[in-house]
Amino acid sequence: MRLPPEEAIGRNITLDELLASRDARQASQGDWLKRHAVALVSFTVVAPGPVKDSALTRRIFNYGAAALHTLAGKQGWPVMAQRGLASASGPEGLLAIAAPARDIKLATIALEQSHALGRLWDIDVLTPEGEILSRRHFALPARRCLLCEQSAAACGRGKTHSLSSLLTRMEALLHVADRDLVFSTYFAAKSFP
Ligand SMILES: [Zn+2]
């Protein structure tokens, strides 16, 4: 599922492309639900600004894809199929997982809250019948802004923060994730010589 960061398109997306990608995502979700008849995880990256497919968003995506795999492995959930897709509208992942959708949703919420980059992942879980389990189903508060205490939606609407400050914050979170990875690899190597 990994998408090479150095191959990112890195140009502004047009409104038509954005709308087309939304339709295409819905269509492929429908196809996958029909084909695999298990819960479906649809995964994208929070990408402020007009460039959605960049080295930055791909690196954030790759971390998320790896985290979803680790999660499925730990829980013993069979991944029936998976796909990473790159387009001008940003990285997208689909995973068909043979486990109860509700359990997957709860686990991905925990992942979003515990991982350094979790705040930058948008992980939807669909039931085999195609119902999207949203944060509302689990009485979770709306997502917070990357930079302040307000909701992300409020700051997005009001254009409270400059694009460069949001991107700088994303780079910083990626840096934390890189550091965490180095540490966990180091300690894993220490405990299992
Ligand atoms: Zn804010």
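The values are calculated or read from the model by the stated rules, or taken from the named source; none is laboratory data. No experiment lies behind these values; they were computed from the predicted model shown. FYI the Cβ positions are ideal-geometry reconstructions off the backbone, even for glycines, and counts take in every protein chain you see. Protein only, heavy atoms only, side chains kept; ligands, DNA and RNA dropped before computing areas. Shrake-Rupley method; radii C 1.70, N 1.55, O 1.52, S 1.80 Å.
Does R119 satisfy being within 16 Å of the ligand (Cβ to nearest atom) and under 15 Å from the mean Cα position of the chain (by Cα)? When the stated conditions are applied, R119 passes them. Per the conditions (1) within 15 Å of the ligand (Cβ to nearest atom); (2) without any contact (Cβ under 8 Å) to a residue 24 or more places away in the chain; (3) open to solvent by less than 50 Å² (accessible area, probe 1.4 Å), the sole criterion not satisfied by S134 is (1).
Every residue, every condition in (1) out of contact with any Ser or Thr (no Cβ under 8 Å at 6 or more places or on another chain); (2) open to solvent by 40 Å² or more (accessible area, probe 1.4 Å); (3) within 30 Å of R35 (Cβ to Cβ); (4) not in a helix (DSSP H, G or I), yes or no:
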residue: D103; (1), (2), (3), (4): yes, yes, yes, no
residue: A110; (1), (2), (3), (4): yes, yes, yes, no
residue: I123; (1), (2), (3), (4): no, no, yes, yes
residue: C148; (1), (2), (3), (4): no, no, no, yes
residue: A154; (1), (2), (3), (4): no, no, no, no
residue: H161; (1), (2), (3), (4): yes, yes, no, yes
residue: M170; (1), (2), (3), (4): yes, no, no, no
residue: T185; (1), (2), (3), (4): yes, yes, no, no
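For the stretch 24-35, residues that are under 13 Å from V125 (Cβ atoms) and surrounded by fewer than 16 Cβ atoms within 10 Å (Cβ to Cβ) total 0.
With the requirement that a residue be hydrophobic (A, V, I, L, M, F, W, C) and open to solvent by 30 Å² or more (accessible area, probe 1.4 Å), what does the stretch 51-68 give you? V51, A55, A66, listed by residue number. Residue count for the stretch 72-83 under the criterion of being open to solvent by 30 Å² or more (accessible area, probe 1.4 Å) and in contact (Cβ under 8 Å) with a residue 24 or more places away in the chain: the result is 5.
Here the stretch 146-169 is the region considered, the condition is being of a type in the set (A, V, I, L, M) and near the ligand (Cβ under 8 Å from one of its atoms), and the residue that is modelled with the highest pLDDT is L147.
The number of residues in the stretch 66-101 that are closer than 14 Å to V45 by Cα and either touching a Leu at 6+ places or on another chain (Cβ under 7 Å) or assigned to a loop (DSSP other than H, G, I, E, B) (or both) comes to 11. In this structure, R143 does not qualify as within 16 Å of the ligand (Cβ to nearest atom), surrounded by 14 or more Cβ atoms within 10 Å (Cβ to Cβ), within 20 Å of the chain's Cα centre (by Cα) and modelled with pLDDT of 95 or more.
Can you find even one residue in the stretch 36-50 that is assigned to a helix (DSSP H, G or I), free of Cβ contacts under 8 Å to residues at least 60 places away in the same chain and open to solvent by 30 Å² or more (accessible area, probe 1.4 Å)? The answer is no; no qualifying residue exists. Quick check on the stretch 173-183. Is at least one of its residues within 11 Å of the ligand (Cβ to nearest atom) and surrounded by 15 or more Cβ atoms within 10 Å (Cβ to Cβ)? Scanning the stretch 173-183, I find no residue that is within 11 Å of the ligand (Cβ to nearest atom) and surrounded by 15 or more Cβ atoms within 10 Å (Cβ to Cβ), so the answer is no.
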